[in-house]
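Structure record follows, encoded as structure tokens.
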Amino acid sequence: MRFPHEAPPPLPDRHGGSLRLEGSKCPSDCQVCSQLCPTQAISRTCGKPPVLDLGKCLFCGECTRACPSQAILRTGDYRMATRQREDLLLVSPGKEEIRLASALESKMLKMFGRSLKLRQVSAGGCNACEADINVLGTIGWDLGRFGIQYVASPRHADGLLVTGPVSKNMELALKKTYDAVSEPKIVIAVGACAISGGPFANHEQVRSGVDAILPVDLYIPGCPPHPLTILDGLLRLLNRLDKQT
Amino acid sequence: MNVLNSFALLANGEALDWNQIPEYSLSDFIRNVSEELELGARMVSFFALPEGSEKRLVAVLALDSSSVLCVSRSQPFSGSFPSLTPKYPEAHLFEREIYEQYGLLPLGHPWLKPVRKNLNVIQDPKNFFSVEGAEIHEVSVGPVHAGVIEPGHFRFQCDGEEVLHLEIALGYQHRGIEEALLGGPHRLSVYQIETIAGDTTIGHSSAYAQALEALAGVQAPLYALWVRAIALELERLANHTGDLGALANDVAFIPTSSACGKIRGDFLNLTALLCGNRFGRGMVRPGFSPIDCEPKRLALLSDRFEQTLRDALQAVGWFWDSASSRARFEQVGSVETSMAAKIGLVGLAARSCGLVRDVRFDHPTGWYRFAQVPLAVWPDGDVFSRAKVRWLEMQHSGEFLKEQFNSPPEPESAEKITRLAPDKLAVSLIEGWRGEICHVALTDSEGRFRRYKVTDPSFHNWMGLALALRNQAISDFPICNKSFNLSYCGFDL
């Protein structure tokens, strides 16, 4: 695979990629999408434009199919990672799409830009995010060519790659793993669960997202995110993408 | 007296009126269940539910050779019940779960620990079986493991290299799925079902769809059943390919491991070709098929499938051709057939012990009533056997899919299910890639879920892994573990 120097493999045609919300098209009393959305990723307070939180979104597409004004559109774009939680919120005017992640600051880039070792922790993850993290290490994607590697111990790691809504039963283990990584370190939240709790948000058994207990440096949305979306997020963070991508 | 009279009979994917299910005093109920297990029935599900201030037990047993399921229930009671486990070990986790969920004490249970909720008790070192002796040492691993894998805690009692006993403690992934389903179906329910175990999205969502169709009295269109069967076999192929690659990796046979890692992804991409998502999210819904596969897409799917299957069989073939790698699997991690039957193993783990046990064969529903997949069984019960059954199943599922691609039924329009019948119980079994997935759904007087019991095949099979390790070298744990490849989140719910 020549990516990122050449175009990446296309997403499946029914995948749809990221979403764009053109809230100015929404009639003031329309609630169709917010009443359908399984994770309440779309909220609307009376008289204001709707807000779509891609950190909660499962990308099921129910809203895009049901919207009578074609205000929610699939962009086909695989790029979805952000540095801030707020950058995943879509709201008109001005924030119709997500604000893609910028690279780490120069001191961190100097340390991690050409070698980033990550410890993966599944904290209530269903194994889908984990599988598509794993696949990046296989011969097709060959994550090693970027100097990125999943390592067996937090003592060998520069950061954590966390999946799952953070089940309370994993909270202590996750904290201990984080503490065992030496400073400076980064945390990456992969998937709707790790960002917001996903389909398990607000269950009493979970903490509804990694940033409830750890500072998060990169959010990669999806259920699960496509491997290309995860790879793009990692490369974006490490400033390893050519300018045009 | 024929014991079966004390049970209501039903077929897989059917529903019964709750009040048609025979109700017995606790002691008669336990006696009837014991007698039926004694005659060879298999425990499919066993759970409690609240009834006023008391609780009642419900047992679902399978008579595999007659393709019949049977259900019975106890009268409401409180306190304790006589444990079935000492005589019928397959009940052991069900009884622990009943105790944890509803506080009913199984009297005489030999190892009564919580299952997934009270982690402090689960992982307290005092509560693990320990072997005494000057030469004995203990190895504890997890919850966080070295690879990209879910969390669980394994505690080995070892004499030198030899494992005398392994105890597996889970619960770390508990997300409260059964509780969240109460009062449902909710808007979120089907999405939670799809994430019970992400690598079994199609298996669990098919079990859910089948249960809801039974409760609504709706027959899903043939087209939906065809799509589900294709998706289920693609899921099986992706996971079997990944597992055989992982097994090869653990004995350092890199060609198969490298190629299978990629080919697994190629199978996932075929699922994504159908529904956009590599794990089949949104592929299966109760009552209808949200996916159409127009002729052009089907032709593309069929072409890419043939190539991917060829690649997979070639890559795994390299492994079988390497005698020194193959030998690493032989007589390692063995579970005897009689033990497998006793602890109630299901799925490929059971078939690898010579047990003829497959929902697609014993209790066929949906598309499997019209098109059959040959059963794959191997007698030895070791790692080799579990690899071999996967290999055979890849070939069988491959041929099955090629045939099904040639005979798509006409797409039909169908309605979403909006209402479930009140006071009914449905049992839905699906043969997922690991084995038998069981969903038991009971509605209340309003047609909402009064109880929704999920049993992932891993619930039956984790004990198989623990027993497979007895008297093995601890260094063989990785291949034993991979050869089962059980689900943590599917168990933890």
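Return yes when B:Gly142 is outside the structural domain of B:Leu270 (by TED's automatic domain parsing), surrounded by fewer than 24 Cβ atoms within 10 Å (Cβ to Cβ) and at pLDDT below 95 and no when it is not. Yes; evaluated as a whole, the condition is true for this residue. Apart from one condition, B:Gly276 fits all of (1) more than 26 Å from B:Ser258 (Cβ to Cβ); (2) out of contact with any Gly (no Cβ under 7 Å at 6 or more places or on another chain); the exception is (2). In this structure, does A:Ala157 turn out to be at the interface with another protein chain (Cβ under 10 Å from one of its Cβ atoms) and either of a type outside the set (A, V, I, L, M) or in contact (Cβ under 8 Å) with a residue 24 or more places away in the chain (or both)? Considered against the rule, which asks whether it is at the interface with another protein chain (Cβ under 10 Å from one of its Cβ atoms) and either of a type outside the set (A, V, I, L, M) or in contact (Cβ under 8 Å) with a residue 24 or more places away in the chain (or both), A:Ala157 comes out as no. In the range B:116-133, is there at least one residue being within 14 Å of another protein chain (Cβ to nearest Cβ), β-branched (Val, Ile, Thr) and crowded, with 18+ Cβ neighbours inside 10 Å? Yes. Selection of the range B:312-330 for residues being of a type outside the set (A, V, I, L, M) and surrounded by 14 or more Cβ atoms within 10 Å (Cβ to Cβ) yields B:Trp318, B:Phe319, B:Trp320, B:Ser322, B:Ser325, B:Arg326, B:Arg328, B:Phe329. Which of the residues that make up the range B:288-313 are touching a residue at least 60 places away in the same chain (Cβ under 8 Å) and of a type in the set (A, V, I, L, M, F, W, C)? Once the filter is applied, which keeps residues that are touching a residue at least 60 places away in the same chain (Cβ under 8 Å) and of a type in the set (A, V, I, L, M, F, W, C), the range B:288-313 yields B:Phe288, B:Ile291, B:Cys293, B:Leu298, B:Leu301, B:Phe305, B:Leu309, B:Ala312, B:Leu313. For A:Ser18, state whether it is of a type outside the set (Asp, Glu), surrounded by 15 or more Cβ atoms within 10 Å (Cβ to Cβ) and within 14 Å of chain B (Cβ to nearest Cβ). In short, yes. Annotation note: of B:Gly108, B:Gly103, the sole residue that is over 23 Å from B:Leu345 (Cα atoms) and of a type outside the set (Lys, Arg) is B:Gly103. B:Met43 fulfils the conditions (1) in contact with a Lys or Arg (Cβ under 8 Å, 6 or more places away or on another chain); (2) assigned to a strand (DSSP E or B) except for a single criterion, (1). Considering every residue within the range A:25-32, establish whether at least one is out of contact with any Gly (no Cβ under 7 Å at 6 or more places or on another chain), of a type outside the set (Ser, Thr, Tyr) and part of a helix (DSSP H, G or I). Yes, the conditions are met somewhere in the range A:25-32.
I need the full set of residues from the range B:376-401 which are within 22 Å of B:Ala62 (Cβ to Cβ), in contact with a helix residue (DSSP H, G or I) (Cβ under 6 Å, 6 or more places away or on another chain) and either of a type in the set (Gly, Ala, Ser) or not assigned by TED's automatic domain parsing to the domain that holds B:Gln219 (or both), in order please. Matches in the range B:376-401: B:Ala376 only.
Per-residue answers, yes or no, for (1) more than 11 Å from chain B (Cβ to nearest Cβ); (2) of a type outside the set (Gly, Ala, Ser); (3) without any contact (Cβ under 8 Å) to a residue 60 or more places away in the chain:
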{"residue": "A:Ser69", "(1), (2), (3)": "yes, no, yes"}
{"residue": "A:Arg83", "(1), (2), (3)": "yes, yes, no"}
{"residue": "A:Leu100", "(1), (2), (3)": "yes, yes, no"}
{"residue": "A:Glu105", "(1), (2), (3)": "yes, yes, yes"}
{"residue": "A:Lys110", "(1), (2), (3)": "yes, yes, yes"}
{"residue": "A:Ser122", "(1), (2), (3)": "no, no, yes"}
{"residue": "A:Gly125", "(1), (2), (3)": "no, no, no"}
{"residue": "A:Leu136", "(1), (2), (3)": "no, yes, no"}
{"residue": "A:Ala173", "(1), (2), (3)": "no, no, yes"}
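Considering the range B:153-167, and only residues there that are aliphatic (A, V, I, L, M) and buried (at least 18 other Cβ atoms within 10 Å of the Cβ), the residue that is nearest to B:Arg116 (Cα to Cα) turns out to be B:Leu166.
Restricted to the range B:217-329, the set of helices (runs of 4 or more DSSP H) holding at least 2 residues that are within 23 Å of the chain's Cα centre (by Cα) and within 10 Å of chain A (Cβ to nearest Cβ) comprises B:222-250, B:254-275.
Inspect all residues belonging to the range B:368-375 and state whether any of them is over 24 Å from B:Gly265 (Cα atoms), assigned to a helix (DSSP H, G or I) and either in contact with a helix residue (DSSP H, G or I) (Cβ under 9 Å, 6 or more places away or on another chain) or hydroxyl-bearing (Ser, Thr, Tyr) (or both). Looking through the range B:368-375, at least one residue is over 24 Å from B:Gly265 (Cα atoms), assigned to a helix (DSSP H, G or I) and either in contact with a helix residue (DSSP H, G or I) (Cβ under 9 Å, 6 or more places away or on another chain) or hydroxyl-bearing (Ser, Thr, Tyr) (or both).
For A:Ser167, are the conditions met, namely being farther than 24 Å from B:Gly176 by Cβ, of a type in the set (Ser, Thr, Tyr) and either within 11 Å of chain B (Cβ to nearest Cβ) or in contact with a helix residue (DSSP H, G or I) (Cβ under 6 Å, 6 or more places away or on another chain) (or both)? Here the answer is no, as A:Ser167 does not meet what is asked. Go through the residues of the range B:414-433 one by one and say whether even a single one is touching a helix residue (DSSP H, G or I) at 6+ places or on another chain (Cβ under 9 Å), buried (at least 24 other Cβ atoms within 10 Å of the Cβ) and within 14 Å of chain A (Cβ to nearest Cβ). Yes: the range B:414-433 contains one or more residues that are touching a helix residue (DSSP H, G or I) at 6+ places or on another chain (Cβ under 9 Å), buried (at least 24 other Cβ atoms within 10 Å of the Cβ) and within 14 Å of chain A (Cβ to nearest Cβ).
The residues in the range A:71-116 that are over 13 Å from the mean Cα position of the chain (by Cα), over 17 Å from A:Ala41 (Cα atoms) and part of a loop (DSSP other than H, G, I, E, B) can be counted, and the count is 12. Here B:Gly490 passes the criteria (1) touching a Gly at 6+ places or on another chain (Cβ under 7 Å); (2) within 27 Å of B:Ala238 (Cα to Cα); (3) crowded, with 23+ Cβ neighbours inside 10 Å except the one numbered (1).
Looking only at the range B:420-455, count every residue that is small (Gly, Ala, Ser) and under 16 Å from B:Val218 (Cβ atoms) and tell me the total. The number of residues fulfilling the criteria is 5. Against the test of being modelled with pLDDT of 95 or more and either assigned to a strand (DSSP E or B) or more than 15 Å from B:Ser334 (Cα to Cα) (or both), the options B:Lys482, B:Lys453, B:Lys416 yield a single qualifying residue, B:Lys453.
Among residues that are under 19 Å from the mean Cα position of the chain (by Cα) and charged (D, E, K, R), B:Glu393 is included.
The values are calculated or read from the model by the stated rules, or taken from the named source; none is laboratory data. Note that the coordinates shown come from a computational prediction; the quantities given were computed from them, not determined experimentally. A quick note on method: Cβ atoms are made from the backbone with ideal geometry, for glycine too, and the neighbour counts reach across all protein chains shown.
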